[in-house]
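What follows is calculated from the coordinates using simple rules that are stated; it is not laboratory data. Just so we're clear, the structure is a prediction, and the values are computed from it rather than from any experiment. Note that each Cβ is placed from the backbone with ideal geometry, even for glycine, and that neighbours are counted across all protein chains shown.
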Ligand code: HEC
């Protein structure tokens, strides 16, 4: 079996763990109106901000849980941006739907970084964990720069 295939399987395994833990926390229910979408995504983003801020000091299970929450949140983000949902105090830009692939590509690289950070935390690899946090944090700024007004 190729190394690439083995690591793809390892990542799939980790994603499964993430999905199971998210399900244990609460079942995700997609928004039914633009107002609800804005409220939900702003709350999710705030949660991610709080977690990311404290995550540098975490190790072991606490670090794993923190990054699993962000990973799960990243998988929910597309559903929180139904097309044209710019209402109320939303700072979302129309560019999101003009460049949906680009928006999702940033989420994918964030998910890869979170998955790597989870593996590093599980392995007790502090340098790897710090590097993964840095690239994960980079995806926040990258997306805000392009898609938030
Ligand atoms: C794929 C794009 C994308 C990624 C990745 C992303 N954000 Fe956001 N973020 C947005 C958009 C768009 C908004 C504006 C949402 C709105 O107002 O409707 C936003 C808003 C926010 C807000 C303001 C919420 C409020 O109360 O108005 C915070 C805080 C935030 N993001 C934190 C983060 C953090 C921390 C990360 C990384 C862990 C992150 N975001 C990753 C797109 C992204």
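Results, tabulated for the structure shown:
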| read-out | value |
| --- | --- |
| Inter-label distance for residue 30 and residue 131, nm, one decimal - labels placed 7 Å from Cα along Cα-to-Cβ | 3.7 nm |
| Computed E for residue 53/residue 108 - FRET, C-beta separation, R0 25 angstrom, nearest 0.05 | 0.60 |
| Residue 87-residue 62 FRET efficiency (beta carbon distance; Förster radius 30 Å; 0.05 resolution) | 0.25 |
| Length released on extending from residue 101 to residue 43, taking residue separation times 0.36 nm less the Cα-Cα span | 18.5 nm |
| Packing-based exposure ordering (other Cβ within 10 Å, fewest first) of 48, 61, 101, 125 | 101, 61, 125, 48 |
| Most to least packed among 89-96, 53-60, 110-117 [average Cβ atoms within 10 Å] | 110-117, 89-96, 53-60 |
| Spread of Cα-to-Cα distances over 5 Å intervals beginning at zero, given as percent, for the range 36-85 | 5, 21, 27, 20, 13, 8, 4, 2, 0 |
